[in-house]
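J.: Structure provided below as structure tokens; questions to follow.
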Amino acid sequence: MSTQLTENHRRLVVAPMMELTDRHYRFLARLLTRHTLLYTEMLTCKAVIHGDRSYLLGKETVEGPVVLQLGGSDVNEMAEAAHIGQEWGYDEINMNVGCPSDRVKAGRFGACLMAEPELVRDVIAGMQEKVDVPVTVKCRLGIDRDDSYEALESFAGIVLQSGCKHLIVHARKAWLDGLSPKENRTIPPLRYEYVYRLKQAYPDVHISINGGIDNLADTQSHLQQVDGVMIGRAAYYSPAMLAEADSTVFADIPGGHTHTADFATLSQVARDYAAYMQPWIDKGVRPSAMSRHIVSLFQEVPGARLYRRHISEHAGKCTDALSLVNGALEHINIDSSAANTSNTPMAANEVAQSDSPTSSSIDERRAN
């Protein structure tokens, strides 16, 4: 059953991230925020049509509004995949026109499609004919050397001919040759002003901004210029920030969480997440495939590093998720952790050592 999305849901969005924003992470995010809009990992239209739909599209009933992001460029296949997504209860279908990886480029989807705005327009129109939920586009500023503001506005104008009313723009261009996907997240300069100008050019279109935004204060600032903000890896590697989203970004909407990112809240979230993990563990899902999502829940407080180490070192043989979490929480210095824990993201090298998924854990998640 789909939720009727409103513009308010799009004020703050957690970006789609491969091998990160799976159903387990989305359950954790919903424990922290009721209103923030969540995305799936990107799925190819062919995978949705021909693959294991229960694994690929299954989601928790408590996840609230969730967007299914699709990758592809065939009008009929994308329309069919969108229809399947709606049948599985997704509240919005998003077309990926921003991923710069070679694998995606070889499959003729992602950022390379910015060179074919008429095709993107036709794909969106075909998807809209098959579903009743909104169909949206996530793109970059441009690709390679074709990254002027005028090029962005031209691309948007053609795509919007489809009747699409929502664009999410990563405020960097994509270099399709010479940069890795990781480098494409940091090396091309941010040009937020391009997205602001796009909103001025299309005042009736919902424009969301993405790229380099890692805290709620900056989110509030961007919302003075555009309609929505999409946060990527900061929402994963510093998930505690989401504990304050409902009381800040969504303060005027009833029904949100009123908690903050303090020890009491985050420790209860961790225990609630452990209760969620246990049935999956009992079914044979590898504990570390789920516990990796709470590794960075505590940061910049005494004992946070030991908390992370405890989960990383003990998840492999875990049979009791609550014991795993309680053991990790014992390392946090309660007296010193009253301050907000969401301000500073974990260092990238620490993340890589503590919670990067192994190929075996990913394969096991896919098998279950």
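J.: Return the residues of region 40-89 that are of a type in the set (Val, Ile, Thr) and either outside any loop (DSSP other than H, G, I, E, B) or surrounded by fewer than 21 Cβ atoms within 10 Å (Cβ to Cβ) (or both); say none if nothing qualifies.
T.: THR44, VAL48, ILE49, THR61, VAL62, VAL66, VAL67, VAL75, ILE84
J.: So which residues in region 236-284 are under 22 Å from TYR39 (Cα atoms), among the hydroxyl-bearing types (Ser, Thr, Tyr) and part of a loop (DSSP other than H, G, I, E, B)?
T.: Residue satisfying the conditions is SER238 alone.
J.: Can you pull out every residue in region 24-39 that is out of contact with any strand residue (DSSP E or B) (no Cβ under 9 Å at 6 or more places or on another chain) and either in a helix (DSSP H, G or I) or of a type in the set (S, T, N, Q) (or both)?
T.: Answer for region 24-39, where residues must be out of contact with any strand residue (DSSP E or B) (no Cβ under 9 Å at 6 or more places or on another chain) and either in a helix (DSSP H, G or I) or of a type in the set (S, T, N, Q) (or both): HIS24, PHE27, LEU28, LEU31, LEU32.
J.: Taking LYS182, is it out of contact with any Ser or Thr (no Cβ under 6 Å at 6 or more places or on another chain), buried (at least 18 other Cβ atoms within 10 Å of the Cβ) and of a type in the set (Lys, Arg)?
T.: In short, no.
J.: Quick check on region 4-18: of everything there that is at pLDDT 90 or above and assigned to a helix (DSSP H, G or I), which residue is surrounded by the most Cβ atoms within 10 Å (Cβ to Cβ)?
T.: ARG10
J.: With the requirement that a residue be crowded, with 24+ Cβ neighbours inside 10 Å and at pLDDT below 85, what does region 101-127 give you?
T.: PHE109
J.: What are the pairs, 6+ residues apart or on separate chains, where a residue within region 169-194 that is in the same structural domain as GLY157 (by TED's automatic domain parsing) has its Cβ under 6 Å from a residue that is assigned to a loop (DSSP other than H, G, I, E, B) and polar (S, T, N, Q)?
T.: Cβ pairs passing all conditions: PRO181/SER101.
J.: Does region 306-325 hold any residues that are touching a residue at least 40 places away in the same chain (Cβ under 8 Å) and surrounded by fewer than 19 Cβ atoms within 10 Å (Cβ to Cβ), and which are they?
T.: Matches in region 306-325: ARG309, SER312, ASP320, LEU322.
The values are calculated or read from the model by the stated rules, or taken from the named source; none is laboratory data. Please read these numbers as outputs of a predicted model, since none were measured by experiment. Reconstructed Cβ throughout: ideal geometry from the backbone, glycine too, with neighbour counts over all protein chains shown.
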